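The values are calculated or read from the model by the stated rules, or taken from the named source; none is laboratory data. Model, not experiment: these values are computed from the prediction. All Cβ positions, glycine included, derive from the backbone under ideal geometry; neighbour counts span all protein chains shown.
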Ligand code: ADP
Ligand code: MG
């Protein structure tokens, strides 16, 4: 089982969109996938079509109450399960501070199900707090979505520093697997400039395919659908399909 965090402390760069749609395509390609929603906003949970108000337990109860992981996991479709989040998870950030092994709680829980999935994708919150630390301690790999816009590189060095710190202190195996360029607009010179800059710096770490700006990707979650369910012929769908193929072909999973 490979555990991959979708990480960037910036909000609105496409973490949740990537987690949901990559999960869906990898499941379609036959991988057994667990999507973990680590963001108190619960956007991945809602976006994939789970009604948060109906949840008896969520990831909060896994991390802080020791509720069994299998009692919380929801099957969404063939090969795709979800560990859902809701707003109570925001409290965990503070409640974890005084707890023993506060950074390794998610890892311990995921270890219990390591024979049941090929890949776990974790949708990280837009911060570098204890929830993100739990995600990174549990992960083998990181995928960093970067939005092709003016402030794309801002905050990136802080992110890389944090990753290095976690490697040193908590998880020596942690590896940046890939950078994903999102919301690429081929009409804008800026998109190309950002893309060139990122590729010059990160080289083969950058996915060859980019995710274009595509309205269908924005619409799909409001119907609780993944992009392949909502409009499989859209440019957004085709792009995430290609990214899923790259994930498999590059040997990340
Ligand atoms: P994050 O999880 O990093 O905060 P989201 O995945 O929630 O980012 O994306 C932020 C917003 O941008 C959402 O409204 C989402 O629907 C939209 N969005 C994400 N990717 C694209 C895209 N490629 N094209 C158009 N809109 C997108
Ligand atoms: Mg998000």
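Within segment 1-10, restricting attention to residues that are surrounded by 21 or more Cβ atoms within 10 Å (Cβ to Cβ) and outside any loop (DSSP other than H, G, I, E, B), the residue that is nearest to ligand 2 (Cβ to nearest atom) is 6.
Of everything listed in (1) under 30 Å from residue 94 (Cα atoms); (2) at pLDDT below 95, the single unmet condition for residue 149 is (1).
Applying the condition of being under 22 Å from residue 186 (Cα atoms) and in contact (Cβ under 8 Å) with a residue 60 or more places away in the chain to segment 130-150 and asking which residue is farthest from the chain's Cα centre (by Cα) yields 148.
All of (1) over 13 Å from the mean Cα position of the chain (by Cα); (2) touching a residue at least 60 places away in the same chain (Cβ under 8 Å) hold for residue 58 with one exception: (2). Where helices (runs of 4 or more DSSP H) fall entirely within segment 11-82, those with at least 3 residues that are within 16 Å of ligand 2 (Cβ to nearest atom) and modelled with pLDDT of 95 or more are at 15-28, 43-47.
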